[in-house]
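A.B. asks: Right, I'll just put the structure down here and ask away after.
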Amino acid sequence: QAIQAINGYTNMTAEEFTNMIFQKIDVNNDGELTLEEFITGVERDEDLMELITKSFDLSNVLKVIQNG
């Protein structure tokens, strides 16, 4: 939820967000993500890649802290 809020993805619950991730990248539909599935899935989905990249970019966190 914190990552979503920092990056502006507050229009869905954490559960909805997690379900969306699994639908996009759990290719064998076993309800689990291997590291390989995760990496491959993120590389193939531009929106997900952007979200993950922003999640590791702490500049948004610094902006929130600076702005109070």
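A.B. asks: So how many residues does the range 38-53 have that are under 11 Å from Lys24 (Cα atoms) and surrounded by 13 or more Cβ atoms within 10 Å (Cβ to Cβ)?
C.D. replies: Going through the range 38-53 one residue at a time, the tally reaches 6.
A.B. asks: Another one. For the range 38-64, give me each residue that is modelled with pLDDT under 85 and among the basic types (Lys, Arg).
C.D. replies: Once the filter is applied, which keeps residues that are modelled with pLDDT under 85 and among the basic types (Lys, Arg), the range 38-64 yields Lys54, Lys63.
A.B. asks: Let me ask another. For the range 16-39, which positions are under 14 Å from the mean Cα position of the chain (by Cα) and assigned to a helix (DSSP H, G or I)?
C.D. replies: Matches in the range 16-39: Glu16, Phe17, Thr18, Asn19, Met20, Ile21, Phe22, Gln23, Lys24, Ile25, Phe38, Ile39.
A.B. asks: Against the definition (open to solvent by 80 Å² or more (accessible area, probe 1.4 Å) and either at pLDDT below 75 or of a type in the set (S, T, N, Q) (or both)), how does Leu35 come out, yes or no?
C.D. replies: no
A.B. asks: What number of residues within the range 10-32 are of a type in the set (D, E, K, R) and over 17 Å from Asp47 (Cβ atoms)?
C.D. replies: 3
A.B. asks: Now a separate question. For the range 15-29, does any single residue satisfy the condition of being closer than 30 Å to Gly68 by Cβ, modelled with pLDDT under 80 and open to solvent by 70 Å² or more (accessible area, probe 1.4 Å)?
C.D. replies: No, there is no match, as no residue in the range 15-29 is closer than 30 Å to Gly68 by Cβ, modelled with pLDDT under 80 and open to solvent by 70 Å² or more (accessible area, probe 1.4 Å).
The values are calculated or read from the model by the stated rules, or taken from the named source; none is laboratory data. From a predicted model like this one, the values you see are computed outputs, not experimental measurements. Methodologically, a virtual Cβ is constructed for each residue, glycine included, from the backbone with ideal geometry; neighbour enumeration extends over all protein chains shown. These area figures cover heavy atoms from the full protein model, side chains too; ligands, DNA and RNA do not enter into them. Shrake-Rupley method; radii C 1.70, N 1.55, O 1.52, S 1.80 Å.
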